[in-house]
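What follows is a set of notes on a single structure, which appears directly below.
The values are calculated or read from the model by the stated rules, or taken from the named source; none is laboratory data. What you see is a predicted model; the values in this text were computed from it and never measured. So basically every Cβ, Gly included, is an ideal-geometry build from the backbone, and we count neighbours across all protein chains shown. Ligands, DNA and RNA are excluded from the accessible area calculation, which covers all protein heavy atoms including side chains. Shrake-Rupley method; radii C 1.70, N 1.55, O 1.52, S 1.80 Å.
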Amino acid sequence: MMRLCAVAVGMLGMMIPLLGEGPAEQLAEATSTQQLSFAPGGTIRLNNSYGDLYIEGWDRPQVEITIIKSTSYYEPELKSQAARKLETVNVAAERKSDTELAISTTLPKRAHWAPPLHGATGNGVKLEYRLYVPRNSRLVIDHHAGQVLAGNMTGDIEAANHDGDIMLLLPEEGKYSIEARSKMGHIASDFAGRTVSRYLVGERFTGAETPASRRIHLRVGFGGITILALPPEGEALASGGGGQ
């Protein structure tokens, strides 16, 4: 038996290099950036987003949106096909009014669709959103999968993530009314509040300072929620933003 095991291990060792051989993974990528004038205090909505979403507050009366799309391919002759895939996923900003901006992600329809599959598909395209927005904007986020991170914001935040984590970095001197819920995940907060376990796999956190001036409402399906206190020196560093 020991001899047989040794032979099997030896054969596996010979096969691993062969399994590792093949065309190297290549990446097709497209990056776009746009800036829009937007007065402080308005509402910014993220509709149907997925992938990694990063939002940072700054002191400028404008919104800067950078979208990075990427998809992988292995054979050189598939490069043009991969580039065409990137074009099938669209992210557009639409000013609904002087005080409301919607940033919506549109996906292509599946050629052959049947339940339980969703009628739309990301087509193998990964997305990364990098946003700079006026600090006191109200955020309303409907995210479907991936990470959501927002920092240095002083307005109300309403965020839902179906599958992935939410992390907020809030000014520590702010007064907040916080309600956070995860169906399957852990919630951690630097701000005072009460955490209750839900069905052993989920948690609910509530915390309200008096008087509370900002409302934080968070929902996650599968994933965790982290709310960190950002000290004044962190706010000062972030307020300059990354745009030019």
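Inside segment 61-92, residues that are open to solvent by 70 Å² or more (accessible area, probe 1.4 Å) and closer than 30 Å to Pro171 by Cβ make up a count of 1.
Using the structure shown, decide if Val220 is hydrophobic (A, V, I, L, M, F, W, C), surrounded by fewer than 14 Cβ atoms within 10 Å (Cβ to Cβ) and either assigned to a strand (DSSP E or B) or in contact (Cβ under 8 Å) with a residue 60 or more places away in the chain (or both). Walk me through how you get there before you give the answer.
Values: hydrophobic (A, V, I, L, M, F, W, C): yes; surrounded by fewer than 14 Cβ atoms within 10 Å (Cβ to Cβ): no; either assigned to a strand (DSSP E or B) or in contact (Cβ under 8 Å) with a residue 60 or more places away in the chain (or both): yes.
So Val220 fails the test.
Scanning segment 96-127 for residues that are within 18 Å of Ser32 (Cα to Cα) and open to solvent by 60 Å² or more (accessible area, probe 1.4 Å), we see that the one that is modelled with the lowest pLDDT is Thr106.
Pro134 fulfils the conditions (1) open to solvent by less than 50 Å² (accessible area, probe 1.4 Å); (2) under 18 Å from the mean Cα position of the chain (by Cα); (3) modelled with pLDDT of 95 or more except for a single criterion, (2). The number of residues in segment 19-36 being polar (S, T, N, Q) and at pLDDT below 95 comes to 1.
Answer yes or no: is there a residue in segment 154-171 that is of a type in the set (Gly, Ala, Ser) and at pLDDT below 95. No; the residues of segment 154-171 include none that is of a type in the set (Gly, Ala, Ser) and at pLDDT below 95. Scanning segment 123-166 for residues that are touching a residue at least 60 places away in the same chain (Cβ under 8 Å) and among the polar types (S, T, N, Q) yields Asn136, Ser137, Gln147, Asn152, Thr154, Asn161.
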